[in-house]
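What follows is a single structure, written as structure tokens, with notes after it.
Every read-out reported here was derived from the displayed coordinates using simple, explicitly stated rules and does not represent laboratory data. The model shown is predicted, which means the values in this text are computed figures rather than measured ones. Positions of Cβ are backbone-derived with ideal geometry, glycine not excepted, and every protein chain shown enters the neighbour counts.
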Amino acid sequence: MTTAITLADIHAARRRIAGVAARTPLIPSPALSRVAGAQVYLKLENLQPTGAFKIRGAANKIARLVEESGTAGPVAGVTTFSTGNHGRAVAHVARRFGVRAVICVSRGVPAVKLQAIRDLGAAIDVSPTQDEAEARCRRLAEEQGLVLVHPFDDLDVIAGQGTIGLELLEDLPEVDAIVMPLSGGGLLSGVAVALKALRPGVRVIGVSMERAPVMYHSLRAGRPVTLPEEPTLADSLVGGIGLDNRYTFRLVRELADGVVLVSEEAIARAMAFMLREHGLLIEGGAATAVAALLEGKLEAAAGSSAAPRRIAVVVTGRNVDVGRALAAMEPYLEP
Ligand SMILES: *Cc1c(COP(=O)(O)O)cnc(C)c1O
């Protein structure tokens, strides 16, 4: 077991982010429970002030920088590269702490996410692809002395995302399995560290889209790989894990009990299902986890042990271009 991050780090993160990130509700989903043949609960990170869980990691990282700047001198500013939600989280938290922020994005980021970042007063820097946005961000950090707030491969960010696990165990101590979207793996790493420390035996399942699932192929290859980016409804899951990945590749390899893939059609169906059954408009990246349940992909992923009786699904975000989301869901809105 890796010791790069501990339960204590996640408890510390929880104290640090209180008042910035919301403590989100866990609600039962009778509709998903019927489909899955288990009690299914939804952890509603779509209700965060920025519309996605990424505020947790950003708040932990930036609050700690500000805390420590007392001795190390003022923070010149922060920068990040992002498919949107992390950039918005960094912009939101930076404004909260009075810190300058520059957000590097790719052209694929939906307009609604860009506008939200602009509204928060952060500077935006646009590159053709996600990987180029990352390179640009690293250059800016060096040239302008900005602190890079990595979207996933950072111990403070991972610890912040892990606070979801602490809250979940308070609300559902007997959880058997947790299902969540998987991209860079900061979310899964943090949540798995918290859950497996406090409830050994819990199964942790990651879900990615079929279109360029970089972590999935990296796990299969036994080392980080790159793939060309492809357009997908799960725009918040697009991008690599970094060939020089420091933490999340190892953590996901050690802690994930399974990783499954879902199609674009399954994602659209899951978005429509959440709107119909829960009145929730969620983004494609978040819908991947719901799709895995609707498609019956959990059994295979969770291994041969007894079927989980209580399953938590992390509903990671709600930031969509409404017109685009409605068009994708249209064929599936009738039950
Ligand atoms: C970033 C993001 C994810 C994936 O989180 P990782 O830490 O990159 O695995 C899932 N859902 C949404 C909505 C996100 O913004």
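I'd like to know if the stretch 33-44 contains one or more residues that are within 16 Å of the ligand (Cβ to nearest atom), part of a loop (DSSP other than H, G, I, E, B) and not small (G, A, S).
Residues of the stretch 33-44 that are within 16 Å of the ligand (Cβ to nearest atom), as a first pass: 42-44.
Of the ones still in play, those that are also part of a loop (DSSP other than H, G, I, E, B) are none.
For the stretch 33-44, residues within 16 Å of the ligand (Cβ to nearest atom), part of a loop (DSSP other than H, G, I, E, B) and not small (G, A, S): absent.
From the list A301, A289, the lone residue that is under 12 Å from V204 (Cα atoms) and buried (at least 24 other Cβ atoms within 10 Å of the Cβ) is A289.
The number of residues in the stretch 159-197 that are within 8 Å of the ligand (Cβ to nearest atom), part of a helix (DSSP H, G or I) and in contact with an Asp or Glu (Cβ under 8 Å, 6 or more places away or on another chain) comes to 1. Whenever a residue of the stretch 249-265 is free of Cβ contacts under 8 Å to residues at least 40 places away in the same chain and of a type in the set (D, E, K, R), its partners that are surrounded by 17 or more Cβ atoms within 10 Å (Cβ to Cβ) and assigned to a helix (DSSP H, G or I), lying with C-beta atoms within less than 7 angstrom and at least six residues away or across chains, give the pairs R253/L219.
Within the stretch 200-226, restricting attention to residues that are surrounded by fewer than 21 Cβ atoms within 10 Å (Cβ to Cβ) and touching a Pro at 6+ places or on another chain (Cβ under 8 Å), the residue that is nearest to A266 (Cα to Cα) is R211.
If the condition is being out of contact with any Phe, Trp or Tyr (no Cβ under 9 Å at 6 or more places or on another chain) and basic (K, R), then the stretch 115-146 contributes R118, R139. Taking L275, is it surrounded by 21 or more Cβ atoms within 10 Å (Cβ to Cβ), out of contact with any Cys (no Cβ under 7 Å at 6 or more places or on another chain) and without any contact (Cβ under 8 Å) to a residue 60 or more places away in the chain? In short, no.
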